[in-house]
Each structure stands twice: as C-alpha cells, then as structure tokens.
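Presented below is the structure to which this report refers.
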Amino acid sequence: MSTATFAGVPVEVDAEGFMTNPDEWTPEIAEEIARQNGIDPLTERHWAVIDFCRRDNEAKGTPPTVRRITKQAGVPTKEMYQLFPKGPGILAAKISGLTKPKGCI
Amino acid sequence: MKKLVILGGGTAGTLMSAKMRRALPRDEWSITIVDQDDDHVYQPGLLFIPFGMYERRDVIRSRARYVPKGVDLMLSGIDVIEPDDNRVRLADGTLLPYDFLVIATGSRIAPAELEGLTGPGWQKSIFDFYTLDGALKLHQALEDFRGGRLVLNVQEMPIKCPVAPLEFLFLADWYFHERGMRDKVELVYATPLDGAFTKPTASALLGGVMEEKGIQVETLFNAGEVDSEKRILSSWDEREIPYDLLVSIPTNMGSEAIERSDMGDELAFVPTDKHTLQAEVAPNVFVIGDATDLPSSKAGSVAHFQGGILEQNLLDAIAGRAPCADFDGHANCFVETGFGKALLIDFNYDVEPLPGRFPLAKVGPLKLLEESRMNHWGKLAFRWIYWNQLLSGRELPFVDSHMSMTGKKAPKDNPVAHVAA
Ligand SMILES: Cc1cc2nc3c(=O)[nH]c(=O)nc-3n(C[C@H](O)[C@H](O)[C@H](O)COP(=O)(O)OP(=O)(O)OC[C@H]3O[C@@H](n4cnc5c(N)ncnc54)[C@H](O)[C@@H]3O)c2cc1C
C-alpha cells in the first residue's frame, strides 16, 4: 500500500495504482487519472460509465465487469473500447477510484 | 408431507440430495431432484478426451444410479421457477410445489455470444471441450492435425474450472511431443486476464510453466470476433491472432431456466449470499455449485465444500433459525502439467494458492504448487472419489469444508497472503 497524489489530494493506492478507498475519490481525481492514462477530456459518455461503476460498486462491493456495464449502463462493447481503450473494465474501475476488477477465478 | 425440490442432478444437486435424504426424516419430508436427461457426465474427465486418454464410456454414467433411495428423480426440462408462488414449472407444464428449493443448475457454454464462433468453421476448425460432444470431435481434429498454430482462447471470465484451459495446453504440449511433431505446432494462449491465472503466486508459477513449455501467452485479449474463412480471431482492441485450429472456451452462462425465470445476473448466474448460500430472491431458496454468482471458483471441489455448509443452513432455515454456517470460498484443484505430472492448489476467498504440503503439514503426501507424479495420480484418483464418495455427499478424509492453513507456507513479504478484497 502506498500514497499517490491526484489533483493535489493524497490518496491510498495499491501497487498498480488502483485506489483502495472509494470514499477518497473525487471527480477531479477521476480527471487526473484519466489524463495519466491518455484520456482527455472525460466526456458525458465517460461519466455515464463512471457513475454506473461507482453506484454498482457501492451496491455489490466489487467493480462491474464490462459485460455488466454494457448491459446495465447501455454502453455497447465497441464504444467501451473507444472510451476506455485496451482494457475498458480495468481502466473504468481505475478512473472511478475502485479496486482492480479480479476477473473472478 | 413437506417438500424439498432440487433443480439439477449434476455434481452439486446429486450430493445435496444424498446429504438431505440422510438429514431429513422420511415420514416428514419428500425430496425431488429434477434434470433434463439421465446422462451424468464426469466433467473433469472431458479434459482428457481430446488427447485420447479417456473415452466416452469413461466419463458418462446414469444419473439414476447416483440418486439415493428415497429421492424422486424426475427426468424433465425445467421451464421456470416461480419463487413468489413457491413452485417450479417443468417443460411439460407440470407444477412442482416446494417448501424449500435448492438451485443446482450449473453453468453451460454459450458459443453464440462471440460473433462468428458458431459460423461455418464451428466443429471444423473451431472446437470446444467443455461438452462431451465437443471434446469427442476435438479428439478427432487433434488426431488429424498435421501441424500449424493451435490457439486456445478463453472468451470471458468467469469460466468453470479456470485451470482447465492451462491444463489443456500443457497436455497438448505433451501430446504433440509424443507424436514427434511438437516442433511443427505453435501453441498460443489468448486470455482476457493479465496473466496465466488470477491469483498472484499461482499465476507467476503457471506463467513460468507456460514459458518452459514454449507456449505463447497473449494477455488482456478480449475476443470480439472470429472470421472462420480467414481463420483469424480478433479482439475488441483490434489485435488479430491467426489460427489453424481454434480451441475455444466460450462464455459460460447459467441455465436458460434461470434466464426464463428472470432470476439471474447478466450471465444468468443467481445472486447468492456468498457466506450462507441463500438466494437473494427468497429466504426458502438456496443455490449451490456453478449456478451461483459467487466469486469462488466454479469447480466440483467447491460444490463439495459448499455442500457441508448448505446442509447446515438448510436445516437451520427449516427449523426457523437464521442460517449461520459460513462458506469461505474454499477450492482445491489438481492442475495437470503434462508428462505424467500435476500441481495441486488449495485456496479460498481470502487466501491465494500457496506452496506447502497437503492435507497434512510436512507429510503431505501431496505437494502444493509444485509439480509431482503423486499429484497426477491424485488427479486420476479424483474420478473414483467423484463417483464413489463425492456424489454420495460424504466428507473426504482430512479435507474440511473450510480451508486450513496447515502445511501452507505464506510468502515472507505478505504473511497472511490476503488477496485484496
Ligand atoms: C473440462 C472441465 C474440466 C473440469 N475439471 C474439474 C476438476 O479437475 N476439478 C473440479 O473440481 N471441477 C472440475 N470441473 C468443474 C466441475 O465439473 C463443475 O464445477 C461441477 O460439475 C459443477 O457442479 P454443478 O452441480 O453446479 O453443475 P453440473 O454438474 O453441471 O449440473 C447441472 C445440472 O443441471 C441440469 N440443468 C440445467 N438446466 C436445466 C434445465 N433447464 N432443465 C433440466 N435440467 C437442467 C444439467 O442437465 C446438469 O445436469 C471441470 C469442468 C469442465 C467442463
């Protein structure tokens, strides 16, 4: 566990830079993590996904999978890859201040 | 007469029927178990079929033989569950009322979820081995294979028996060695995970075995489409993997009956309390095995460990008490690594697979996270244990429902080896 500073705020992160406490998250932090990952600016569609991820994590205790996001937030898989290139599930969780999705086992 | 209904007569349903028949008085409780056919397939054996190590007759038996006396087996499709009315509607329209329900409808492959997978190449250059039919056809395809690139793709997590794809590749490496053509075959593993496996210590170790055997790994590969004319598997982020033979682990989903009942999540797995195994939908409905949405592995060993917990919780719920037995996510899997060897891993929700001895400290005789011949014999012996002990709902010697730290060595830098929750 270590500390990182996003948007001037020190927060707890794990070895891969995922925030460990979702309550420390702010929209400004999201914007900075997004920028560091090559996403600038965050559009309304990004925010629709981020809002869903945060709500779902709160309800379920784990960050949602891409399939869950596409079904429940109504964002098609293709668009998910445009919004959050490479690993949309992982990146969306990171920007939303959530732990790394475990992909189950 | 009170009624306990169990849906699904596979691993979990069969062992639960045996446990509950012993636990519930016959003059007060009837137990009914429903499945669509009489073919009980020993699914762990499907792994060996493509390589000719097992045949059809080694893995299939009559369900009826394993359902104990005093339990009614109904061979019928399940149409829908109606939890508000405490009843199940069967495919022929029969209504089955219940006081308590156990859902054990498992998981199935859903190849149509990947565009192009079931197109013209399906069962010609594209195969699965998660079904008996698929495994038998893949055996023929492997026998006919003259060399080229064999790609194994895991479409999406979670899948049942998450180590089976790795085992398939290890056995393929051995099989082509034996046939004297390993140098003519490229083996590629395309996975949506960021490593060979999910849990860190095991992932590093299994990744090492992959490298040793010359198996290429393509990580974070989320397949979006198969073009079976050009024989190309492509990902959503536009990476392309050409193949000569594609072995697919298609998306795993819960039963269609769960979908029809509108009781599942986006993969038709049933939302279940991860500790008590009670369904979220109603207090008199419980879920066991692959049908749950739990973060534990979907494996026969897990169904076995859950069985002990579920029995106590059902008895509590029947007696009007709050279910208090607590499932810890315990899983125990042999991992075939080829050339007559295997690894053994033992873990739960919180503790990742660790090295050490099992089930007894120092003595073993099985080694955790280390290849040995003894582990391979353990894996083969599992078939006997499955038919003769596991399905009858008996406890296995030395192995408890809850995971034990006995014999395990925690990594120094992380004494409890907790996987971040
Ligand atoms: C290739 C492979 C290798 C594996 N290797 C291992 C291993 O080494 N070790 C291990 O522990 N596990 C292994 N597993 C996993 C193990 O087989 C499963 O986790 C286990 O069988 C799950 O039991 P279950 O009762 O939940 O589901 P199942 O045993 O699949 O039973 C579900 C039952 O429900 C019935 N059903 C579903 N829907 C309906 C309906 N609508 N109407 C009527 N009936 C219905 C089905 O017919 C089926 O019989 C492996 C699986 C595979 C595919």
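The values are calculated or read from the model by the stated rules, or taken from the named source; none is laboratory data. Just so you know, these numbers come straight off a predicted model, no measurement behind them. Cβ atoms come from the backbone with ideal geometry, glycine included; neighbour counts cover every protein chain shown. Ligands, DNA and RNA are stripped out before the accessible areas are found, and what is left, the full protein with its side chains, is counted by its heavy atoms. Shrake-Rupley method; radii C 1.70, N 1.55, O 1.52, S 1.80 Å.
Listing for the model above:
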{"quantity": "Options B:Val71, B:Val102, B:Val67; residue that is β-branched (Val, Ile, Thr), within 20 Å of the chain's Cα centre (by Cα), in the same structural domain as B:Asn313 (by TED's automatic domain parsing) and at pLDDT 95 or above", "calculated": "B:Val102"}
{"quantity": "Meets criteria (part of a loop (DSSP other than H, G, I, E, B), modelled with pLDDT of 95 or more, within 21 Å of B:Ser255 (Cα to Cα) and under 22 Å from the mean Cα position of the chain (by Cα)) for B:Gly13", "calculated": "no"}
{"quantity": "Criterion (within 14 Å of the ligand (Cβ to nearest atom) and open to solvent by less than 50 Å² (accessible area, probe 1.4 Å)) met by exactly one of B:Val88, B:Val71", "calculated": "B:Val88"}
{"quantity": "Restricting the stretch A:48-76 to residues that are within 12 Å of another protein chain (Cβ to nearest Cβ), free of Cβ contacts under 8 Å to residues at least 40 places away in the same chain and open to solvent by 40 Å² or more (accessible area, probe 1.4 Å), the residue that is nearest to B:Thr292 (Cα to Cα)", "calculated": "A:Lys60"}
{"quantity": "All positions within the stretch A:50-105 that are part of a helix (DSSP H, G or I), within 12 Å of the chain's Cα centre (by Cα) and aromatic (Phe, Trp, Tyr)", "calculated": "A:Phe52"}
{"quantity": "Members of the stretch B:100-137 found to be in contact with an Asp or Glu (Cβ under 6 Å, 6 or more places away or on another chain), away from the ligand (no atom under 16 Å from the Cβ) and either open to solvent by 50 Å² or more (accessible area, probe 1.4 Å) or within 18 Å of B:Ile49 (Cβ to Cβ) (or both), listed by number", "calculated": "B:Glu115"}
{"quantity": "Yes/no for B:Gln140 being assigned by TED's automatic domain parsing to the domain that holds B:Leu150, over 25 Å from B:Ile288 (Cα atoms), free of Cβ contacts under 8 Å to residues at least 60 places away in the same chain and surrounded by 14 or more Cβ atoms within 10 Å (Cβ to Cβ)", "calculated": "no"}
{"quantity": "B:Ile241 vs. criteria among the aliphatic types (A, V, I, L, M), surrounded by fewer than 22 Cβ atoms within 10 Å (Cβ to Cβ) and either outside the structural domain of B:Asp128 (by TED's automatic domain parsing) or more than 25 Å from the chain's Cα centre (by Cα) (or both)", "calculated": "yes"}
{"quantity": "From B:Pro50, B:Pro25, B:Pro44, B:Pro97, residue being open to solvent by 40 Å² or more (accessible area, probe 1.4 Å) and in contact with a helix residue (DSSP H, G or I) (Cβ under 7 Å, 6 or more places away or on another chain)", "calculated": "B:Pro44"}
{"quantity": "Top-ranked residue in the stretch B:251-291 [being away from chain A (no Cβ under 14 Å) and at positive phi; ranked as farthest from the ligand (Cβ to nearest atom)]", "calculated": "B:Leu277"}
{"quantity": "Number of positions in the stretch B:292-337 that are among the aromatic types (Phe, Trp, Tyr) and within 8 Å of the ligand (Cβ to nearest atom)", "calculated": "1"}
{"quantity": "Any hit, the stretch B:41-58, residues being closer than 24 Å to B:Asp79 by Cβ, more than 10 Å from the ligand (Cβ to nearest atom) and either part of a strand (DSSP E or B) or in the same structural domain as B:Asn86 (by TED's automatic domain parsing) (or both)", "calculated": "no"}
{"quantity": "Test: residue in the stretch B:351-373 that is within 14 Å of another protein chain (Cβ to nearest Cβ) and away from the ligand (no atom under 16 Å from the Cβ)", "calculated": "yes"}
{"quantity": "Candidate set from the stretch B:148-176 (those that are in a strand (DSSP E or B) and within 14 Å of another protein chain (Cβ to nearest Cβ)); member that is farthest from the ligand (Cβ to nearest atom)", "calculated": "B:Val154"}
{"quantity": "Checking A:Ala30 against (1) more than 9 Å from chain B (Cβ to nearest Cβ); (2) closer than 30 Å to B:Ala268 by Cα, the condition it does not meet", "calculated": "(2)"}
{"quantity": "Hits in the stretch B:193-204 - residues which are more than 11 Å from chain A (Cβ to nearest Cβ) and buried (at least 20 other Cβ atoms within 10 Å of the Cβ)", "calculated": "B:Ala196, B:Thr201"}
{"quantity": "Positions within the stretch A:77-96 being over 16 Å from B:Ser235 (Cβ atoms) and either among the polar types (S, T, N, Q) or within 8 Å of chain B (Cβ to nearest Cβ) (or both), in sequence order", "calculated": "A:Ser96"}
{"quantity": "Among the residues listed as B:Leu390, B:Leu360, B:Leu396, the single one being modelled with pLDDT under 90 and touching a His at 6+ places or on another chain (Cβ under 8 Å)", "calculated": "B:Leu396"}
{"quantity": "Selected residue [part of a loop (DSSP other than H, G, I, E, B) and within 23 Å of A:Pro64 (Cβ to Cβ)] from B:Glu259, B:Glu238, B:Glu266, B:Glu229", "calculated": "B:Glu266"}
{"quantity": "Residues (at pLDDT 95 or above and of a type in the set (A, V, I, L, M, F, W, C)) located in the stretch B:180-201", "calculated": "B:Met181, B:Val185, B:Leu187, B:Val188, B:Ala190"}
{"quantity": "Qualifying residue in the stretch B:344-361 (condition: touching a residue at least 12 places away in the same chain (Cβ under 8 Å), at positive phi and under 22 Å from the mean Cα position of the chain (by Cα))", "calculated": "no"}
{"quantity": "The stretch B:297-312 residues that are away from chain A (no Cβ under 14 Å), paired with ones that are within 7 Å of the ligand (Cβ to nearest atom) (beta carbon under 6 Å, 6 or more apart)", "calculated": "B:Gly300/B:Thr11; B:Ala303/B:Thr11; B:Ala303/B:Ala12; B:Ala303/B:Gly289; B:Gln306/B:Ile288; B:Leu310/B:Ile288"}
